[in-house]
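Report on the following structure.
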Amino acid sequence: MQRMSQRLFPLLAGFLGLACAWFAIDALRTGKPIADGYVVVMIAGTLLFGSAALAVHFRWKGRQLLAFLCGVPLCLYALSVIFMGWEDVGGAAIALPLAAVTSFVGVMGFVLSSKESQSDRAT
């Protein structure tokens, strides 16, 4: 799981970072102020997911912490979609796959935040 996470997590976290950037730019283009909570969260998501994707891909020193910090909100979001907000995302047909994908990426972040095995350090 560690090796698969090292390959997939940067790609998926990078896409999440790009999506957050897209939503932030779109909100700013439609006239929302930069101090609006939605815009601030999207900019923070862009920075967090983008830096985590780069850190894991290039094996930077803080990659375990950044992967963990990405895993926490993704798993919390997946839980909130399932338990609180099916109607907000279009019903169970959209909520269940959305929760599955976000929890999968979140679990990959948790896996990457754990100690690496000796064989992973050798490669």
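Numbers below:
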read-out: Single residue of the range 38-92 satisfying the filter (among the aromatic types (Phe, Trp, Tyr) and surrounded by 14 or more Cβ atoms within 10 Å (Cβ to Cβ)) that is farthest from Arg7 (Cα to Cα); value: Trp86
read-out: First in the range 94-113 and in contact (Cβ under 8 Å) with a residue 24 or more places away in the chain, second anywhere and among the β-branched types (Val, Ile, Thr) and in a helix (DSSP H, G or I), Cβ under 7 Å, 6 or more apart; value: Leu112/Val56
read-out: Yes/no for Phe110 being in a helix (DSSP H, G or I), modelled with pLDDT of 90 or more and touching a Gly at 6+ places or on another chain (Cβ under 9 Å); value: yes
read-out: Qualifying residue in the range 13-30 (condition: out of contact with any Phe, Trp or Tyr (no Cβ under 7 Å at 6 or more places or on another chain), free of Cβ contacts under 8 Å to residues at least 40 places away in the same chain, among the aromatic types (Phe, Trp, Tyr) and under 19 Å from Leu112 (Cα atoms)); value: yes
read-out: Every residue from the range 1-40 that is more than 20 Å from Cys75 (Cα to Cα), in a helix (DSSP H, G or I) and of a type in the set (Lys, Arg); value: Arg3, Arg29
read-out: Complete set of residues in the range 47-62 that are out of contact with any Lys or Arg (no Cβ under 6 Å at 6 or more places or on another chain) and free of Cβ contacts under 8 Å to residues at least 40 places away in the same chain; value: Leu47, Leu48, Phe49, Gly50, Ser51, Phe58, Arg59, Trp60, Lys61, Gly62
read-out: Every residue from the range 17-38 that is touching a Leu at 6+ places or on another chain (Cβ under 8 Å) and either under 20 Å from Val107 (Cβ atoms) or at pLDDT 95 or above (or both); value: Gly17
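The values are calculated or read from the model by the stated rules, or taken from the named source; none is laboratory data. Keep in mind that this is a model prediction, so the values were computed, not measured. Using ideal geometry, Cβ is built from the backbone for each residue, glycine included, and neighbour counts are taken over all protein chains shown.
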